[in-house]
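*Asks:* Let me give you the structure first, and then I'll get to my questions.
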Amino acid sequence: MNERTALVTGANKGIGQHIARLLAAEGFTVYVGSRGPGRGQRAVEEIGAGARLLVLDVTDPDGVAQAAAQLDRLDVLVNNAGISPSLAPPTDTAVEEYRRTYETNVFGVVAVTNAFLPALRRSPHPRIVNISSGTASLAWSTTANPQFAPGNGAAAAYRSSKAALNALNVLYAQTLAEDGFKVNALAPGLRATDLNPQAAAAGGDPAEAAQGALRLALLPDDGPTGGFFSWDGTPVPW
C-alpha cells in the first residue's frame, strides 16, 4: 500500500509521455492512459520501469468506468488528454467543432476525474493536475502578455474549452479541499507537439513543460490548490 500510483491521460506521446516518464523516475507506478493499445504499449516500453498500460478513451463513458475499476488506489491524476481541431476564430468555427473539442477537453476531464475519485480518496495525499493553456487566460487574451498578441480570436474552440477547464479546476479544488486534495491547472507554454505543430519552429521542449506538471503532482500538504500556474511555477492570471 506504500507504492505510489499515477495516471496520465493521453500519455502515449507529447507532454503526457514526458510527464509519465518523470513520474516513473520518481518511483511511481504510472498508468499510461492511451486510446490505442498499440501506441500506448509503445510508450510504456519507451518509458520503461514503472510504466503500465491503461487503455482509456476519455470520451467513452463505459471505457472510463472499466479503466477506473482496475485501480484500487491512485495518488496522482494528470488530465492531459486534449485536442485542438483548428485555429479558426469563432466566426468560422462550426458548432460541431466546439462539441468535439469540449467532449475531450472538458467533459472527458469530468468523466475521468469523477470515475477515479474513489481511488484518489484512498490516497493520503491526492493530487490532480489539469493541463490547460496560457491561451485560455482571459487576462492574457485582452492585455499585453508574453505569450501571444491580445485581440487574436484564433483557435476559439480550443481556447474556450481550456477556459472552461480552468473554471472546473477551481470548483473541484474548492469541493475537495477538506479531503486533502490539491487540484491545480498548468499552462505548459508553446511546445512542439502533435497538438500544435506550428510550435516546432519555436523550439518549445515538451519535457520542460512536464517538469511543471511534476512539480504540481508532488506538492506538499501545505501547497496551493485551485491555482493556475505556468510551467516554471509562476501564477497565470485567469
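*Asks:* Only one of ALA94, ALA68 is on the phi < 0 side of the Ramachandran plot, in contact (Cβ under 8 Å) with a residue 40 or more places away in the chain and among the aliphatic types (A, V, I, L, M). Can you tell me which? Please lay out each step first, then the result.
*Replies:* On the way: ALA94 fails: in contact (Cβ under 8 Å) with a residue 40 or more places away in the chain.
The unique qualifying residue is ALA68.
*Asks:* Another one. Within segment 132-165, restricting attention to residues that are surrounded by fewer than 21 Cβ atoms within 10 Å (Cβ to Cβ) and at pLDDT 95 or above, which residue is farthest from ALA111 (Cα to Cα)?
*Replies:* My answer is ALA156.
*Asks:* Output the number of residues of segment 209-238 satisfying the condition of being of a type in the set (Ser, Thr, Tyr) and in contact with a helix residue (DSSP H, G or I) (Cβ under 9 Å, 6 or more places away or on another chain). So that I can check it myself, show each step before the final result.
*Replies:* Initially, segment 209-238 is screened for residues of a type in the set (Ser, Thr, Tyr), giving 225, 230, 234.
Imposing the further condition that a residue be in contact with a helix residue (DSSP H, G or I) (Cβ under 9 Å, 6 or more places away or on another chain) reduces the set to 225, 230.
Of the residues in that region, 2 qualify.
*Asks:* Please work out which one of (1) over 17 Å from GLY227 (Cα atoms); (2) at pLDDT 95 or above; (3) crowded, with 19+ Cβ neighbours inside 10 Å is the condition ARG191 fails and give its number.
*Replies:* Of everything listed in (1) over 17 Å from GLY227 (Cα atoms); (2) at pLDDT 95 or above; (3) crowded, with 19+ Cβ neighbours inside 10 Å, ARG191 misses just condition (2).
*Asks:* Now a separate question. Any residue at all in segment 221-228 that's among the acidic types (Asp, Glu), at pLDDT 85 or above and surrounded by fewer than 17 Cβ atoms within 10 Å (Cβ to Cβ)?
*Replies:* Residues of segment 221-228 among the acidic types (Asp, Glu): 221-222.
Among the residues that remain, those that are also at pLDDT 85 or above are: 221-222.
Then keep just the ones that are surrounded by fewer than 17 Cβ atoms within 10 Å (Cβ to Cβ); that gives 221-222.
Yes; the residues of segment 221-228 include at least one that is among the acidic types (Asp, Glu), at pLDDT 85 or above and surrounded by fewer than 17 Cβ atoms within 10 Å (Cβ to Cβ).
*Asks:* Tell me, please, whether a residue that is in a strand (DSSP E or B), under 13 Å from ALA67 (Cβ atoms) and modelled with pLDDT of 95 or more can be found in segment 7-14.
*Replies:* The initial filter retains those residues of segment 7-14 that are in a strand (DSSP E or B), namely 7-8.
So of that shortlist, the ones also under 13 Å from ALA67 (Cβ atoms) come out as 7-8.
Going one step further and asking which of them are modelled with pLDDT of 95 or more, we end up with 7-8.
Within segment 7-14, one or more residues are in a strand (DSSP E or B), under 13 Å from ALA67 (Cβ atoms) and modelled with pLDDT of 95 or more.
The values are calculated or read from the model by the stated rules, or taken from the named source; none is laboratory data. None of the values given here were measured: they were computed from a predicted structure. Every residue, glycine among them, receives a Cβ derived from its backbone with ideal geometry; neighbour counts consider all protein chains shown.
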